Amino acid sequence: MFLINCPYCGERDQHEFKAGGEAHIERPKQPTELSDDEWAEYLFMRKNIKGVQFERWNHAHGCRKWFNMVRDTSNDQIKLIYKMGEKPPSE
Amino acid sequence: MAENLRVKSSEFIDETIRVSFKFNGKEYYGFKGDTLASALLANNVHLVGRSFKYHRPRGIMTAGSEEPNAIVQVNDNTDRTEPNVRATELEIYEGLEASSQNCWPSVNFDIGGINNVISPFLPAGFYYKTFMWPASFWEKYEYFIRHSAGLGKSPKDKDPDIYDHRYIHCDVLVVGAGISGILAAKNAAKNNLKTLLVDEKNELGGATIYQNREFNKIENQSSSDWIKKEIQELKKLNNLEIKTRTSVAAFHGYNYLLARENLTDHLEKKEKQGKIRQRLLKIRAKKVILATGALERPLIFNNNDRPGIMLSSAVKKYADFYGVVSGKKNVFFTNNDSAYESALCLHNKGIKVEAVIDIRENSGSKIVKAVNDAGIPIHWSHTIVDTKGYKKLNSISAMKLSNDGSSVTGSKIDIVCDCLGVAGGWTPAVHLFTQSGGKLTFDETNKVFLPNKYSSEQISVGSCNGDFKIKEIINNLSINLKEFLNIEKTDFDNVTVESEDDNSKRNIWLLPSDKPLGKTKPFVDYQNDATAKDIKLALREGFRSIEHVKRYTTTGMGTDQGKLGNMHALGIIADTADVKMGELGTTTFRPPYTPLTFGTIVGRNVGEYFDVFRRTPMNDWHVENKAEFENVGQWKRAWYYPINNESMHEAVQRESMAARETAGILDASTLGKIDIQGTDASEFLNRVYTNAWSKLGIGKCRYGLMLNEDGMVYDDGVTTRLGENHYIMTTTTGGAANVLGKLEDYLQTEWPELDVYLTSVTDHYATASICGPNSKKILNKIIPDLDLSEENFPHMSFKDTQIENIKCRIMRISFTGEHSYEINVQANYGKAVWEKCMEAGKEFNITPYGTETMHLLRAEKGFIIVGQDTDGTMTPIDLQMDWIVSKKKYDFIGKRSLYRSDTMKEDRKQLVGLLTDDPNIVLEEGAQIVSELNQSPVNMLGHVTSSYYSPNLKKSIALAVVRGGKNMMGKKLFIPMENKTINVTIANPVFFDTENKRLNA
Ligand SMILES: [Zn+2]
């Protein structure tokens, strides 16, 4: 059970949060101009890494804000939390 | 006359208080402080159960939570009955009744003994190979197996007890109150850290408290006297909470632990009443100190499972702590010095020790010398090759071990005995450590797995960290605590410790016998009856992974999770497969450490508190008017309103006709309502709905369909434009929360530039929907000065108005196809407005209808219900709702997916109407539809999604999804049911008033 540091509320128990899948997958600005394959890439393809992964989380039972998390899925260590719209760390 | 095998009184047992209890129907007594196991042993009862597979007699083996055999059913045939209770942990109380769990029909009668005789035919994997195939035979085996399997009985009645949950946040949690735990907790608390100390036992002090080890001295006192003083001081500390009878069940990530605090299980029945039985502690600790100790290992030899064969440390604990004599003639069998402590302890209490069998060649330690001086014969380099005695051990046979330990030589020594204490070394209790995600390392010298990499702010101290001698425990604890707690000193930095320092051990995982392995029974897992032979068989059959061997042989899969035999199983696998134990790894220990009862897990969330439910403001009226309710999400919705013993069908038929013939009224308060404001509100709706919103006039309503990005229908509802930058969206009852979440997600992450604000207002409004030809007259009576003309208040528009002085919002929208009005008022006026409608509608026989009639009426009109007629695989095109998909809009959620090759296929399942050839047959929802009856395999075209008998059309109607159904209008299809085939024809899904004339009637 994670202890998650919401960037707006502080440390809260995991059960207040909802996981929202891989982060930094931007919705294409012009979907109609994409091929089926390109659209499928956006729609379906997710990395699901064993290791360091960038994720979206939502403080659903709190401030309801979405934010980003860098988590090592192999040991569940949360490396970093940063707000939506902020650039992901390079390393 | 019951026996009472006690030595001179123990300070932990109150011999002045006798406690009567029943075991397997027979009356016994023990004393206050006894566990069921200690009391039974005092009564010379060793046989407590039968083994799982071979039904072999089994006795008490241990004195703790690792017990594999003495598993009992408590208070059978009462509402407090509980299976899987370990007799070694169960404190006796007046009136306790317990029985052996695996002993059908009785512990002394051998029904499954037949399995023991035919055991060559019951090897590993036997259950998989035999009973599971052929499948049809399972029913025949099942009765026999289930009865003799000893899995315990769950209570049939409601649990009468109260359970509780409590959150605890602390700086330091210390698990285990042995010497390490006591010292750790004391020093944490003394350094101003808020500390919680828990232990599964009822006494603090672990083994140190009773083990008067001859050669262990702290500050020149016996270690037990010294720890007692420490405990006295500990109890005076302020920021320390101590919880005994509290077992940590799970250690999750981020130092989140679950513990069960047992509050009344040791109390008499009358004292249990009205008290909380168990409390689940949800602990979040900044730092965790595991001081969980070590479990003694048995040795694996032929017939090592007879009643009377116990762990050496257990024999000692029963004598020291409970004052109980486990046997009158004791033998110890060991590979290290531990057994000598037990032997000496018994000897000093005047209990006879016949011999010590030691597989080592010798040991020169002080304790061994003391045993020797006591005149107890020691047989070096010997192993036990067999044991005798069916329901109770009566003798053992030993032989000399070969130098390499793989075989035996010489002649047999037979020793008559009734108790054998076995000492195979110590296994650190690393279960919680591994649960937390910690990684182990294998210590080749001591043959133990030790904590290596921690996954959170925690340390393991004492014997669970591999420190077995009191000197190393105290020295290492002092160093580790200072570093972990970041403190300068501990209060035991300078204590003087004397302890026996001989660690010599000869480790042989599987001890040889004079008979070959196939003819012996060396049990590795007592609870699941797995022998060394089974493990070797699994390896021969090609299993290599420890996790596979575990499942195939069931080793370690009992309620004890193989706490005793796991290491031996690993050792035997490693030896046989010739791999290193460290490389083999270990099986995963999963929570809970010991079984938890469901009551503890659910706590107070039972009965009406099981889940949250929501009631509408009109709920009381529905109850008074005898509505039946159905659950829709968390809502309790009125389902139908039966009058004079009407069946559901009769009530729904009456309600449906009334709604079309005169007037009906529905409580629609549960529909999700989202208030949308902001200068970009119209643009936002354009992006989330399939149709266009920019041109919707203020005061107008529009139906919208919302898709997922994959193009599948997600939700629907009517949205009303209240002002230039202000809308109110309605969603389905069940979808409200998810729709809000999805909209917020897009606003926060994809379109943060949009100026839009969302507020859930579902609970703020109550909604009464009146429909039918007389609805207009009824509304006119309620609000006489509102102009209800088509010009002023047409279909799909709304009015802000007042009912007397209550503000209300009226939408002229319809889900039934009838002329209707949805009256929205502030929630607390809901019931008053509903009653006003009923009063005004009385002369028109206004009829309240529930969700079932609503479903029927909309099905007559072919309106879909998202989640009933759709299932996450339906696009609007599949639903034949092309009209609602804007061709002009550049983009909206899911638009691109509607042009994927897959979503454009002609033979997708499409929504159609179905009519039965016999208009009186009502189809079953979910029934499969086919075009050919005698095809193999059958080509399944789709299924029925909604089906009703329409009282207004006087025939059966249905909606269905059918592969390529759009182009099958008029086609005859079949619905094969269990005992008949129903002929159906594909029809237009709009069955009633296809021209929508009634909307404006
Ligand atoms: Zn928050």
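The values are calculated or read from the model by the stated rules, or taken from the named source; none is laboratory data. What you see is a predicted model, and the numbers here were worked out from it, not measured in a lab. A quick note on method: Cβ atoms are made from the backbone with ideal geometry, for glycine too, and the neighbour counts reach across all protein chains shown. Accessible surface areas use protein heavy atoms only, side chains included; no ligands, DNA or RNA. Shrake-Rupley method; radii C 1.70, N 1.55, O 1.52, S 1.80 Å.
Per residue, how much accessible surface does the protein assembly as shown expose to a 1.4 Å probe? Answer in Å², no decimals.
Working: 46690 Å² over 1092 residues.
Computed with neighbouring chains in place, this is 43 Å² per residue.
At 1.4 Å probe size, what's the solvent-accessible area of B:Arg80? Round to the nearest 10 Å².
50
Could you grab the Rg to Rh ratio for region B:513-610? Cα atoms only, Kirkwood for Rh. Write down the numbers at each step before the final one.
Values: Rg = 17.4 Å, Rh = 15.1 Å.
A ratio of 1.16.
From the cross-link list B:Lys229/B:Lys272; B:Lys190/B:Lys482; A:Lys65/B:Lys287, which pairs have alpha carbons spaced over 22 Å apart?
Numbers: B:Lys229/B:Lys272 32 Å; B:Lys190/B:Lys482 13 Å; A:Lys65/B:Lys287 29 Å.
As for pairs spanning more than 22 Å Cα to Cα, those are B:Lys229/B:Lys272; A:Lys65/B:Lys287.
Summarise the long-distance tail of P(r) for the protein assembly as shown by giving the % of C-alpha pairs beyond 49 Å.
Working: 267488 of 595686 pairs.
That tail contains 45 percent of the Cα-Cα pairs.
How big is the dipole moment of chain B about its Cα centre under a simple scheme where the beta carbon of each Lys and Arg is +1, that of each Asp and Glu is -1, and everything else is neutral? Debye, nearest 20, please. Mind dumping the intermediate values first?
On the way: 124 positive and 126 negative charges, 299 e Å.
The dipole magnitude comes to about 1440 debye.
Mind putting a number on the dipole of the protein assembly as shown about its Cα centre? Charges go on the C-beta only, +1 for Lys and Arg and -1 for Asp and Glu, and I need it in Debye to the nearest 20.
On the way: 138 positive and 141 negative charges, 295 e Å.
Value, rounded to 20: 1420 debye.
In Å, the Kirkwood hydrodynamic radius of region B:438-521 over pairs of distinct alpha carbons? Don't skip to the answer; put the middle values down first.
Values: mean 1/r = 0.0630 Å⁻¹.
Roughly 15.9 Å, rounded to one decimal.
What residue among B:His548, B:Trp883, B:Ile676 has its Cα farthest toward the positive end of the dipole of the protein assembly as shown, where the charges are +1 on Lys, Arg and -1 on Asp, Glu, each on the Cβ?
Looking along the dipole axis, the top candidate is B:His548.
Sort B:Lys626, B:Lys447, B:Lys777, B:Lys316 by accessible area with a 1.4 Å probe, largest first. It would help to have the intermediate numbers written out before the result.
Values: B:Lys626 140, B:Lys447 50, B:Lys777 110, B:Lys316 10 Å².
Descending accessible area places them as B:Lys626, B:Lys777, B:Lys447, B:Lys316.
In a Debye calculation with equal point scatterers on the alpha-carbon sites of region A:3-83 and no solvent, what is log10 I(q)/I(0) at q = 0.26 Å⁻¹?
Rounded to two decimals, the profile gives -1.19.
Given the pairs A:Lys47/B:Lys673; B:Lys286/B:Lys316; B:Lys236/B:Lys286; B:Lys269/B:Lys349; A:Lys87/B:Lys282; B:Lys777/B:Lys807, which span a C-alpha to C-alpha distance of over 26 angstrom in this model?
Details: A:Lys47/B:Lys673 36 Å; B:Lys286/B:Lys316 37 Å; B:Lys236/B:Lys286 23 Å; B:Lys269/B:Lys349 36 Å; A:Lys87/B:Lys282 36 Å; B:Lys777/B:Lys807 20 Å.
With Cα atoms farther than 26 Å apart: A:Lys47/B:Lys673; B:Lys286/B:Lys316; B:Lys269/B:Lys349; A:Lys87/B:Lys282.
Just the number, please: buried accessible area between A and B, total of both chains, 1.4 angstrom probe, nearest 100 square angstrom. Write down the numbers at each step before the final one.
Details: alone 6620 and 42500 Å², together 46690 Å².
By this definition, chains A and B bury close to 2400 Å².
Considering the dipole of the protein assembly as shown built from charges on the beta carbon (Lys and Arg +1, Asp and Glu -1) around the Cα centre, which of B:Thr434, B:Gly64, B:Thr383 is farthest to its positive end?
Of the listed residues, the answer is B:Thr383.
In whole Hz, what ³J(HN,Hα) sequence does region B:976-991 give by Karplus (6.51, -1.76, 1.60; θ = phi - 60°), x for Gly and Pro?
x, 10, 3, 10, 7, 10, 9, 8, 10, 10, 6, 9, 4, x, 8, 8
Find which of B:Val371, B:Ala538, B:Thr586 sits farthest along the positive direction of the dipole of chain B, computed with +1 on the beta-carbon of Lys and Arg, -1 on that of Asp and Glu, about the Cα centre.
Toward the positive end, the furthest listed residue is B:Val371.
Once every DSSP H run of n ≥ 4 in chain B is given -39500 (n - 2.57) and the sum is divided by its residues, what mean residue ellipticity at 222 nm do you get, rounded to the nearest 500 deg cm²/dmol? Mind showing how you got there, number by number?
Numbers: 23 runs with 207 residues, N = 1001.
Value at 222 nm, helices only: -6000 deg cm²/dmol.
Short version: what are the Cα gyration tensor semi-axes of chain B, square root of 5 times each eigenvalue, largest first, in whole Å?
On the way: eigenvalues 1034, 220, 153 Å².
After diagonalising the Cα gyration tensor, the semi-axes are 72, 33, 28 Å.
Keeping all protein chains in place and using 1.4 angstrom, which order do B:Arg590, B:Arg702 fall into by accessible surface area, from largest down? Please list the in-between numbers first.
Numbers: B:Arg590 120, B:Arg702 75 Å².
Of B:Arg590, B:Arg702, the descending order of accessible area is B:Arg590, B:Arg702.
Between region B:887-954 and region B:182-220, how far is it from one alpha carbon centroid to the other, in angstrom?
70
Given Cβ point charges of +1 (Lys, Arg) and -1 (Asp, Glu) and nothing else, what value in debye, to the nearest 20, does the dipole of region B:235-333 about its Cα centre take?
That gives a dipole near 380 debye.
Can you give the convex hull volume per residue for the Cα atoms of region B:713-817, as a whole number of Å³?
On the way: hull volume 14.5 nm³, N = 105.
Here the figure is 138 Å³ per residue.
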